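Enquirer: So that we are looking at the same thing, I have put the structure below in structure tokens.
The values are calculated or read from the model by the stated rules, or taken from the named source; none is laboratory data. Note that this is a predicted model, so its numbers are computed, not measured. Reconstructed Cβ throughout: ideal geometry from the backbone, glycine too, with neighbour counts over all protein chains shown.
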Amino acid sequence: MARLAQTAGLTDVQQEILSTVRDFVDKEIIPVATELEHRDEYPQAIVDGLKELGLFGLMIPEEYGGLGESLLTYALCVEEIARGWMSVSGIINTHFIVAYMLKQHGTQEQKDHFLPRMAAGDIRGAFSMSEPGLGSDVSAITSKAVKDGDSYVLNGQKMWLTNGGTSSLVAVLVRSDEGHPEGTAPHKSMTTFLVEKEPGFGEVRPGLTIPGKIDKMGYKGVDTTELIMDGLRVSADRVLGGTTGRGFYQMMDGVEVGRVNVAARGCGVAQRAFELGVRYAQQRHTFGKPIAQHQAIQFKLAEMATKVEAAHAMMVNAARKKDSGERNDLEAGMAKYLASEYCKEVVEDAFRIHGGYGFSKEYEIERLYREAPMLLIGEGTAEIQKMIIGRRLLEEYRFQG
Ligand SMILES: Cc1cc2nc3c(=O)[nH]c(=O)nc-3n(C[C@H](O)[C@H](O)[C@H](O)COP(=O)(O)OP(=O)(O)OC[C@H]3O[C@@H](n4cnc5c(N)ncnc54)[C@H](O)[C@@H]3O)c2cc1C
């Protein structure tokens, strides 16, 4: 077992789940990841395997057919999966956020309708806040829902939906002015709609089009799409929680657990980069000895391992805080910020250790080098994390003079 990124105090069940996932990653993901990624191919066999392991229902309560596990168990599994291939963790991440939002905010009918099939992986979730004109500034959303009898008519364009094509349920955040007087704060006039659709591309439901996959520099295999709503009719019972005007808070709650998840991905990718770097450093010789024997390279390895340990500790702390029922926005923001920055730095160092070969597509580090930047952006950029952290610190350390 690896020495780094150990987690103290896990139960027997947690250890068993993690060892099963680690085994799956080593045998089923790592050997095929780079080839699939270069072909931008959806990893169907891996997804089927994850389904069998029950990972799509890991945090869904047992009464709905899930495993009812904690955020910590989930995050540690994500860390393992991202160590194998970050795109695979992306496939479960949006599903997990939508299931979490349903569990926390859904009506009883919505939970009964969606959660058992989500736990089985038969319904797969995507979530959609971003639009072509905005990502960080969610309050500027322009997509709109207008009430018409017993349903709502949705119009607008969404951007950057991870799993937009492969999902069959999208949680979509739109502006809904119905029932909210003129001048209501933007975030109080937003609603999350649970939009069911066929997987695939083109017109997947009347009024709803998924145009195709966005061509990305990395994070391949998993589909990222736009979503166009043109007179999309959604019945009122598909308003998340049954009441309009709560969408912004529901989404922010989802994004908060998503941040722990992105931190976990950063930890996993950094661990893999360290593994690759420390192995290569002992194989490659220059000036008569393995490069690992040059102090400059040893220092790099020392810095990389220290970053892997620090990011893992902060990620675990943020997950445990949420599991204890406490507010964790400060810890999640810090963990996401630190883990994604460290991930980029550790990957860069592993790349440098590989010399020219790091630039060759034959070496795994080339893939990691294109994947790490996504973590700097997804679930809120570094600047947005620092805004959240800064605001929370000023609340906690309010000057009483
Ligand atoms: C591969 C991929 C997958 C994604 N998946 C999803 C998904 O599934 N669902 C979804 O809804 N979205 C998704 N996103 C969108 C992602 O959340 C946004 O890209 C991200 O929030 C940043 O928004 P933006 O791209 O509009 O950048 P902008 O908000 O335009 O920001 C541009 C730059 O300005 C900085 N900035 C912005 N505001 C401030 C400020 N107030 N102070 C200082 N600096 C600021 C930002 O940090 C950034 O550096 C995905 C993005 C990518 C790349």
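Enquirer: Cβ-Cβ below 7 Å, separation at least six or inter-chain, first residue in the stretch 159-175 and on the phi > 0 side of the Ramachandran plot, second assigned to a strand (DSSP E or B) and near the ligand (Cβ under 9 Å from one of its atoms): which pairs?
Expert: Trp160/Thr224; Asn163/Ala126
Yes/no per residue for (1) within 24 Å of Tyr249 (Cα to Cα); (2) surrounded by fewer than 24 Cβ atoms within 10 Å (Cβ to Cβ); (3) out of contact with any helix residue (DSSP H, G or I) (no Cβ under 8 Å at 6 or more places or on another chain); (4) free of Cβ contacts under 8 Å to residues at least 40 places away in the same chain:
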position: Gly57; (1), (2), (3), (4): yes, no, no, no
position: Glu63; (1), (2), (3), (4): no, yes, yes, yes
position: Glu79; (1), (2), (3), (4): no, no, no, no
position: Ala82; (1), (2), (3), (4): no, no, no, no
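Enquirer: Within the stretch 30-46, how many residues turn out to be crowded, with 19+ Cβ neighbours inside 10 Å and within 30 Å of Gln104 (Cβ to Cβ)?
Expert: The total comes to 2.
Enquirer: Moving to a separate point now. Among the residues of the stretch 111-126, is there at least one that is among the aromatic types (Phe, Trp, Tyr) and farther than 15 Å from Arg246 by Cα?
Expert: yes
Enquirer: Could you check the stretch 125-141 and list, in sequence order, the residues that are buried (at least 23 other Cβ atoms within 10 Å of the Cβ) and not polar (S, T, N, Q)?
Expert: Hits for the stretch 125-141 are Gly125, Ala126, Phe127, Met129, Ile141.
Enquirer: Would you pick out the residues in the stretch 374-401 that are touching a helix residue (DSSP H, G or I) at 6+ places or on another chain (Cβ under 8 Å) and acidic (Asp, Glu)?
Expert: Glu379, Glu396
Enquirer: Still on this model: Would you mind stating whether Met251 is within 16 Å of the ligand (Cβ to nearest atom) and either outside any helix (DSSP H, G or I) or touching a helix residue (DSSP H, G or I) at 6+ places or on another chain (Cβ under 6 Å) (or both)?
Expert: Criteria not met by Met251.
Enquirer: Looking at the structure I just gave you, is Gly207 out of contact with any Ser or Thr (no Cβ under 6 Å at 6 or more places or on another chain) and more than 10 Å from the ligand (Cβ to nearest atom)?
Expert: Against the criterion (out of contact with any Ser or Thr (no Cβ under 6 Å at 6 or more places or on another chain) and more than 10 Å from the ligand (Cβ to nearest atom)), Gly207 qualifies.
Enquirer: Would the stretch 267-284 turn up any residue that is outside any helix (DSSP H, G or I) and surrounded by fewer than 19 Cβ atoms within 10 Å (Cβ to Cβ)?
Expert: Scanning the stretch 267-284 turns up at least one residue that is outside any helix (DSSP H, G or I) and surrounded by fewer than 19 Cβ atoms within 10 Å (Cβ to Cβ).
Enquirer: Scan the stretch 157-171 for residues that are more than 10 Å from the ligand (Cβ to nearest atom) and part of a strand (DSSP E or B) and jot them down.
Expert: Within the stretch 157-171, Gln157, Leu169 qualify.
Enquirer: Same structure again: Restricting to the stretch 302-321, name every residue that is buried (at least 21 other Cβ atoms within 10 Å of the Cβ) and either more than 21 Å from the chain's Cα centre (by Cα) or farther than 21 Å from Pro373 by Cα (or both).
Expert: Correct list: Met304, Val316, Ala318, Ala319.
Enquirer: Continuing with this model, one more query. Filter the stretch 1-23 down to the residues that are within 15 Å of Val88 (Cα to Cα) and in contact (Cβ under 8 Å) with a residue 60 or more places away in the chain and list them by number.
Expert: Listed by number, the list holds a single entry, Val21.
Enquirer: Pairs, please: C-beta under 6 Å, at least 6 apart or cross-chain, first residue within 7 Å of the ligand (Cβ to nearest atom) and in the stretch 377-392, second assigned to a helix (DSSP H, G or I) and among the small types (Gly, Ala, Ser)?
Expert: Glu379/Gly258
Enquirer: Of the numbered conditions (1) aromatic (Phe, Trp, Tyr); (2) modelled with pLDDT of 95 or more; (3) more than 13 Å from the ligand (Cβ to nearest atom), Tyr337 satisfies every one except a single condition; which is it?
Expert: It is condition (3) that Tyr337 fails.
Enquirer: Restricting attention to helices (runs of 4 or more DSSP H) lying wholly within the stretch 50-156, give those where 2 or more residues are within 16 Å of the ligand (Cβ to nearest atom).
Expert: 71-84, 86-105
Enquirer: OK, next. Run Gly212 past the list (1) modelled with pLDDT of 95 or more; (2) exposed (fewer than 14 other Cβ atoms within 10 Å of the Cβ) and report the number of the one that doesn't hold.
Expert: For Gly212, the exception is condition (1).
Enquirer: Is one or more of the residues making up the stretch 240-259 within 16 Å of the chain's Cα centre (by Cα) and among the acidic types (Asp, Glu)?
Expert: Yes: one or more hits.
Enquirer: How many residues are in a strand (DSSP E or B), closer than 21 Å to His95 by Cβ and touching a residue at least 40 places away in the same chain (Cβ under 8 Å) when one looks only at the stretch 201-228?
Expert: Here the count works out to 6.
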